[in-house]
Structure formats: C-alpha cells, structure tokens
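Since the structure comes first, as structure tokens, the remarks are kept for the end.
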Amino acid sequence: MTTPALVLDDVRVSYGDGDSEVHALDRVSMTVHPGEFIAVVGPSGSGKSTLLAVAGALTTPDAGHVRVAGEEVTGMADAELARIRREHIGFVFQSSGNLPSALRARDQLELAARVLGRRGRRSNDELLAAVGMQHRAGHRPATLSGGERQRIGIARALVGGPDLLLVDEPTAALDRQRSHEIVRLLADECHELGVAGVMVTHDLEVIEYCDRVYQMVDGRLTAGD
Ligand code: ADP
C-alpha cells in the first residue's frame with residue numbers, strides 16, 4: 001500500500017471557551033491516497049476552511065494527528081510547517097484573483113517554481129498544455145476569463161509536483177459550464193499525476209467528478225458515497 005498523501009486522525013480544533021466554545025473540527029478523521037480526488041461539502045460555518053487550514057499545514061490542531069505524505073505535522077514549528085507546504089502541498093483558491101497582475105501566464109508558473117525552489121516532473125509548458133492554456137501562455141490575468149484564470153491557478157498549484165492538492169471552492173466565481181470543466185480538469189489531473197486532491201465546496205453540481213464525498217456539519221465529518 002502506498003503512503004497516504006493526507007491522514008487526519010481524530011483532529012479537533014476549537015475556538016473560544018465556555019459557553020461560546022465552537023468546535024470547528026470535532027474528532028475529524030480522513031485518509032486520502034495518491035491519485036484520489038475527494039470532496040468535502042457542507043454549509044457555511046461547518047468547518048470546511050478550518051479543515052483545509054489543518055490539512056494545509058497552516059494551523060496545527062488542538063488535538064489529534066495530521067500526517068502529510070507520511071510526515072507527522074502535529075507539533076511542528078512554523079518553519080517546518082512552511083517546508084511541508086513547500087515540499088508537499090499545492091493550493092487552488094476560490095477565484096484565482098490572486099495571480100500577480102503584471103505577469104504573463106507562463107511567468108506565473110515560473111515565479112511559483114522559483115519561490116518553491118523545486119519543480120515536478122512536468123515542465124511549465126506541459127502544465128499549461130494540460131490545463132488547456134498553452135495558447136494563452138503570453139496573456140496577463142486581466143485579459144483572461146475567470147475560467148482561464150482558474151486554469152492558470154491549477155497549473156501554478158501543480159508546478160512543484162505536490163503530493164496533496166487543496167482546493168477551496170474552485171467554482172465560486174464560475175458559471176455552470178466552466179464549473180464542470182474546471183472540476184473535471186482537477187479530477188483528471190489528480191488521477192493522471194497521482195496527486196491526492198481535497199476540494200471543499202458548496203457546489204453539489206460538480207461532486208460527480210469526485211471519487212468520494214464527505215459531508216461536514218457542525219465540525220463533524222461523515223462519509224458520503
Ligand atoms: P466554513 O469554511 O465551512 O464556512 P469555518 O471553518 O470557517 O467554516 O468555521 C467553522 C466554525 O469555526 C464557525 O462556527 C466559525 O465561526 C468558527 N471560526 C472559524 N475561524 C474562527 C476564528 N478565527 N475565531 C473564532 N471562531 C472561528
């Protein structure tokens with residue numbers, strides 16, 4: 001059996017205390033293997049962002065264990081958490097409005113590779129082709145549509161050859177057709193590259209592309225299909 005890309009084991013995160021205590025994650029466990037693309041769906045406030053922050057080594061939980069690509073993340077200092085993010089994790093954000101506006105698409109990927117100090121086995125040109133954007137390589141974000149920016153955001157997240165791809169509401173700013181295209185692309189890339197993908201979303205329309213679907217309610221995770 002291969003090493004899971006992500007293990008959450010009995011993870012708890014709480015905010016506040018006493019009567020105002022909120023269990024953002026309440027004994028959450030999940031295992032995601034290389035090449036799987038899974039969804040976490042749930043209403044606003046159910047804990048999805050907190051789950052991504054824990055899985056993404058951005059915060060450490062109050063209790064429980066987190067392993068990324070076989071490395072125990074729990075209890076790591078900030079510098080080590082940064083190394084885990086750099087070496088193992090790619091992030092795709094809601095609208096990819098965070099692409100630097102001055103950079104052409106191919107330079108967005110080049111910058112990401114230099115910041116990470118590493119590259120996966122695919123070249124930047126191959127990544128642009130994989131997301132259907134080779135013909136837009138010389139374009140800056142302002143001249144791209146929302147769906148095209150999201151494709152660049154996906155290619156950029158894959159530059160370092162991550163083990164784990166964390167995806168936050170990727171269809172929030174897209175129409176129905178683009179939403180389907182983007183989530184199908186994410187699923188295909190995870191399957192093809194052997195990357196473990198975790199997508200949090202409200203959008204039940206697109207979960208058909210996911211290998212498994214978890215539901216999140218009040219900080220508790222339950223397995224769907
Ligand atoms: P979602 O992403 O599903 O909307 P969140 O993970 O953002 O849910 O939030 C889960 C719960 O934790 C909510 O009740 C939210 O109000 C609370 N919460 C999240 N972050 C904080 C924080 N920094 N301080 C206090 N409460 C928080």
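The values are calculated or read from the model by the stated rules, or taken from the named source; none is laboratory data. Note that this is a predicted model, so its numbers are computed, not measured. Backbone-built Cβ (ideal geometry, glycine too); neighbour counts: all protein chains shown. Note: accessible area is taken over every heavy atom of the protein model, side chains too, but ligands, DNA and RNA are not part of it. Shrake-Rupley method; radii C 1.70, N 1.55, O 1.52, S 1.80 Å.
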*Taking Leu174 as meeting all but one of (1) more than 24 Å from His88 (Cβ to Cβ); (2) modelled with pLDDT under 90; (3) surrounded by fewer than 18 Cβ atoms within 10 Å (Cβ to Cβ), write down the number of the exception.*
(3)
_Hits in the stretch 6-47 (condition: β-branched (Val, Ile, Thr) and either more than 17 Å from Arg212 (Cβ to Cβ) or surrounded by 15 or more Cβ atoms within 10 Å (Cβ to Cβ) (or both))_ = Val7, Val11, Val13, Val22, Val28, Val32, Ile38, Val40, Val41
*Which of the residues spanning the stretch 53-88 are touching a residue at least 60 places away in the same chain (Cβ under 8 Å), away from the ligand (no atom under 16 Å from the Cβ) and either part of a loop (DSSP other than H, G, I, E, B) or surrounded by fewer than 17 Cβ atoms within 10 Å (Cβ to Cβ) (or both)?*
Ala69, Gly70, Arg86
*Filter result (surrounded by 24 or more Cβ atoms within 10 Å (Cβ to Cβ), over 25 Å from Arg118 (Cα atoms) and small (Gly, Ala, Ser)) within the stretch 140-171*: none
*Would you please name the residue that is nearest to the ligand (Cβ to nearest atom), looking only at residues in the stretch 5-44 that are hydroxyl-bearing (Ser, Thr, Tyr) and not in a loop (DSSP other than H, G, I, E, B)?*
Tyr15
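If we keep just the residues of the stretch 204-225 that are acidic (Asp, Glu) and touching a residue at least 40 places away in the same chain (Cβ under 8 Å), which is farthest from Val32 (Cα to Cα)? Walk me through it before giving the result.
So the first thing to find is which residues in the stretch 204-225 are acidic (Asp, Glu), and the list is 205, 208, 211, 218, 225.
Filter once more, keeping what is touching a residue at least 40 places away in the same chain (Cβ under 8 Å): 211, 218.
Details: Asp211: 10, Asp218: 22 Å.
If we take residues in the stretch 204-225 being acidic (Asp, Glu) and touching a residue at least 40 places away in the same chain (Cβ under 8 Å), then Asp218 is farthest from Val32 (Cα to Cα).
Look through Thr3, Thr50 and report the one residue that is at negative phi and open to solvent by less than 50 Å² (accessible area, probe 1.4 Å). Show your work before the answer.
Details: Thr3 fails: open to solvent by less than 50 Å² (accessible area, probe 1.4 Å).
Exactly one residue qualifies, and that residue is Thr50.
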